[in-house]
Amino acid sequence: MVLMVYNTLGKRLERFVPLREKEVQMYVCGPTVYDYVHIGNARAFVVADVVRRYLEYKGFKVKLVCNVTDIDDKTINRANEMGTSVQQLGEFFTEAYLKDVATLSVKEADVSPRATKHIPEIVDAIAVLVDKGFAYEAGGNVYFDVSKFNGYGKLSGNKAEALQMGARIEVDPKKRSPADFALWKAWKPGEPGWYSPWGKGRPGWHIECSTMATKYLGETFDIHMGGKDLVFPHHENEVAQAEAASGKPFARYWLHNEWLTVDGEKMSKSLGNFVTVQNALKLCEPWVLRFFLVSAHYRSPVDFNKEALKVAETNLARLLNALERFESLRETKVQGKGEEKLLSDIRGVKGRFEEAMDDDFNTALAISTLFDVAKSIFGYLEGSSEISAKTKQEVSKTFRELVSVLGIEAVLAETRTEQVKLVEGLVQLVVDLRKEMKERREWEDADKIRRRLQDIGIELEDTPEGTRWKKTHKK
Ligand SMILES: [Zn+2]
């Protein structure tokens, strides 16, 4: 089947064909480590993780680079506010970020390069642009001359608008044009600085990403991802820097996820509705948050609110319940009634799941096919309490594989151990109550409990050290 992706560059659905057969190189803009990751950031990382997982499911070997911006205006301001160094602040929030995304089952990137560890490469990249006439120095700053790069505006779409927006963002009288953007910023007191041919200073944000992407993935690579808010100016500027330097196309497919709102409003610190991943996890389990984030197509806006989390929780519980109950079916050697239908249902779902994901990673539709599996399973459970080992294995393996593409497989193991603990606690409670009955000489009731437990497959053994229990296999 053909994978189609919506490419922001060109604004259309395109057939995805990687540069190298069976290999995909992708770059995702990582966090600026000046604060905890919020759920809007988390959406971008989870979306990229689903893209990566699906490509791997399709048999591609994926190399994923996700940077850490540990030097820019925000990190400097925050470090000064907090009375700490930019380095310490960066280390603290990098660790917090890695922990948060791991909690959301985002697989670790192959490379997570830090900007401050790539200053020589960044300086070299800027020097190339200056040599080629695409950049100029002005008072210790180095600017990219937007007028020299013909393709400027091709990613965000509207060149004139892009230039106007650029003009509103940075105003420096030393710039040749208001739309030019900084590659290198001259040192100011209270800021970290590195030496360069243009004097002491630090890199601009955009050049960090294009330099690290090129270093680890090459001048031209397959996929560049990030939130929609990064299209302009960040990604537009990345394209300009990289393509002006190499003369070759930079990223071939640009995938951008839509906004995440909170209770219908754009999330912002000033509105006071800034929800960090850690705060969101006070409202729900990590897998519920993850499931909520993947329940919408990545190019649709999503609204984070309590009701939506509740819906995600209920839906996810239904899927897990189907799988748990199915996997605890007794196994038989021969295939029984209803198994053929179940097998054909699951094979059909696998096909439709892939079709949905091949259509620009339509997770919303893909999830709806999983509910069809759940429905078939519940239908089967109504008529039977056993299944052949062969059918059980195929259905369970396929279900688990599809769930893994969405990254919610961790919950399967997790809920299982939680349930086991719960069962153990409950049985112990019954055993303790029975002991008290025996102490009160209520033999008849104590025996009744033993028999009832036996009926559900739990055997009690009274020993001089106390009562032990074990699970028996029901015949
Ligand atoms: Zn970036």
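Can you give me the % of accessible surface on the chain that is carbon or sulfur? Probe 1.4 Å, all protein chains present, nothing else counted. If you can, show how the numbers build up before the last one.
Values: 12270 of 23360 Å².
Carbon and sulfur together cover 53 percent of it.
How high is the relative contact order of the stretch 7-166, in percent, with contacts defined as C-alpha pairs under 8 Å that are six or more residues apart?
Result for the stretch 7-166 is 24 percent.
Using only the alpha-carbon atoms of the chain, report the extent along each of the three principal axes, biggest first, to the nearest angstrom.
Between the extreme Cα coordinates on each principal axis of the chain lie 95, 52, 37 Å.
How high is the relative contact order of the chain, in percent, with contacts defined as C-alpha pairs under 8 Å that are six or more residues apart?
Averaging sequence separation for qualifying contacts and normalising by length gives 16 percent for the chain.
Rolling a 1.4 angstrom probe over the protein heavy atoms, how many square angstrom per residue are accessible across the chain?
49
List, in order, the whole-Hz ³J(HN,Hα) value for each residue of the stretch 373-389 obtained from phi through the Karplus relation with A = 6.51, B = -1.76, C = 1.60 and θ = phi - 60°; use x for Gly and Pro.
Per-residue couplings from phi come out as 5, 4, 4, 4, 5, 4, x, 5, 4, 5, x, 7, 10, 9, 7, 6, 4 Hz.
Taking all pairs of different Cα atoms in the stretch 23-82, averaging 1/r and flipping that mean, what Kirkwood radius in angstroms comes out?
It is 13.1 Å.
Let me know the charge dipole size of the stretch 243-301 about its Cα centre in debye, to the nearest 20, where only the beta-carbon of Lys, Arg (+1) and Asp, Glu (-1) is charged.
The dipole of the stretch 243-301 has a size of about 180 debye.
Compute from the Cα atoms of the stretch 288-442 the Rg and the Dmax, the latter being the longest Cα-Cα distance, and quote both in angstrom.
Just the Cα atoms of the stretch 288-442 yield Rg and Dmax of 19.3, 69 Å.
Tell me, in nm to one decimal, what length is gained between Trp187 and Glu401 on full extension, where the rule is 0.36 nm per residue of separation less the Cα-Cα distance?
Extra length from Trp187 to Glu401 when fully extended: 71.9 nm.
Measure nothing fancy, just the Cα-based angle from helix 39-57's long axis to the longest principal axis of the chain, in degrees from 0 to 90, nearest 10.
The angle comes out at about 70 degrees.
Tell me the angle of helix 306-327 to the major Cα principal axis of the chain, expressed in degrees between 0 and 90 and rounded to the nearest ten.
It works out to around 50 degrees.
Amide H neighbours of Glu14 under 5 Å, counting only residues 5+ apart in sequence or on other chains, H built in-plane at 1.01 Å?
Placed amide hydrogens put Val5, Tyr6, Asn7 under 5 Å from Glu14.
Where does the chain land at 222 nm, in deg cm²/dmol rounded to the nearest 500, when only DSSP H runs of n ≥ 4 count, each adding -39500 (n - 2.57), divided by all residues?
Working: 15 runs with 231 residues, N = 475.
Computed ellipticity for the chain at 222 nm equals -16000 deg cm²/dmol.
Please determine, in degrees from 0 to 90 and to the nearest 10, the orientation of helix 86-103 with respect to the longest principal axis defined by the Cα atoms of the chain, where the helix direction is its Cα long axis.
Between helix and principal axis, roughly 40 degrees.
List the relative contact order of the stretch 290-429 as a percent without decimals, with contacts defined as Cα pairs under 8 Å and 6+ residues apart.
Value for the stretch 290-429: 34 percent.
So, with +1 on the Cβ of K and R and -1 on the Cβ of D and E, and no other charges, what is the size of the charge dipole of the stretch 39-185 about its Cα centre, to the nearest 20 debye?
Numbers: 21 positive and 20 negative charges, 112 e Å.
Once rounded to the nearest 20, the dipole reads 540 debye.
Given 0.36 nm per residue, what is the gain on full extension from Leu422 to Lys269 after removing their alpha carbon distance, in nm?
Going from the current span to full extension adds 51.0 nm.
Rounded to a whole number, what is D in µm²/s for the stretch 1-144 from Stokes-Einstein with the Kirkwood radius over alpha-carbon pairs (20 °C, 1.002 mPa s)?
121
So what are the ³J(HN,Hα) numbers for the stretch 440-456, from phi and the Karplus equation (6.51, -1.76, 1.60; θ = phi - 60°), rounded to whole Hz, Gly and Pro as x?
Ordered by residue, 3J(HN,Hα) equals 8, 6, 8, 4, 4, 5, 4, 5, 4, 4, 4, 5, 5, 5, 4, 4, 9 Hz.
In whole angstrom, how far apart do the alpha carbon centroids of the stretch 219-295 and the stretch 445-462 sit?
If we compute the Cα centre of each part, the gap is 56 Å.
Between Ser177 and Gln454, what is the label-to-label distance in nm when each label sits 7 Å out along the Cα-to-Cβ direction?
Taking the simple label geometry, Ser177 and Gln454 are separated by 8.9 nm.
Say a paramagnetic label sat at a point 7 Å from the Cα of Glu23, along Cα to Cβ; which residues of the stretch 189-215 have their backbone N under 18 Å from it?
213-215
Return the sequence-ordered ³J(HN,Hα) values of the stretch 235-247 in whole Hz as given by the Karplus equation 6.51 cos²θ - 1.76 cosθ + 1.60 applied to θ = phi - 60°, using x for Gly and Pro.
Along the stretch 235-247, the couplings run 6, 4, 6, 4, 4, 4, 4, 5, 6, 5, 6, 8, x Hz.
Near the amide H of Tyr27, under 5 Å away, which other amide H atoms are found, from residues 5 or more places off or on another chain, if H is placed in the peptide plane?
Val65, Ile223, His224, Met225
Restricting things to alpha carbons, tell me how big the stretch 131-276 is in terms of Rg and Dmax, in Å.
16.5, 50
Considering amide H positions built from the backbone, and no H for Pro or chain starts, which residues 5 or more places from Leu183, or on another chain, come under 5 Å of its amide H?
Those qualifying (amide H under 5 Å, at least 5 residues apart or on another chain) are Val142, Tyr143, Phe144.
I need the Kirkwood Rh of the stretch 54-99: take the reciprocal of the average 1/r across all distinct C-alpha pairs and report it in angstrom.
Numbers: mean 1/r = 0.0794 Å⁻¹.
For the stretch 54-99, the Kirkwood estimate is 12.6 Å.
The values are calculated or read from the model by the stated rules, or taken from the named source; none is laboratory data. Keep in mind that what you see is a predicted model, and the values were worked out from it rather than measured. Virtual Cβ from ideal backbone geometry, glycine too; neighbours counted across all protein chains shown. Each accessible area value is taken on the protein alone, full model and side chains, heavy atoms only, with ligands, DNA and RNA left out. Shrake-Rupley method; radii C 1.70, N 1.55, O 1.52, S 1.80 Å.
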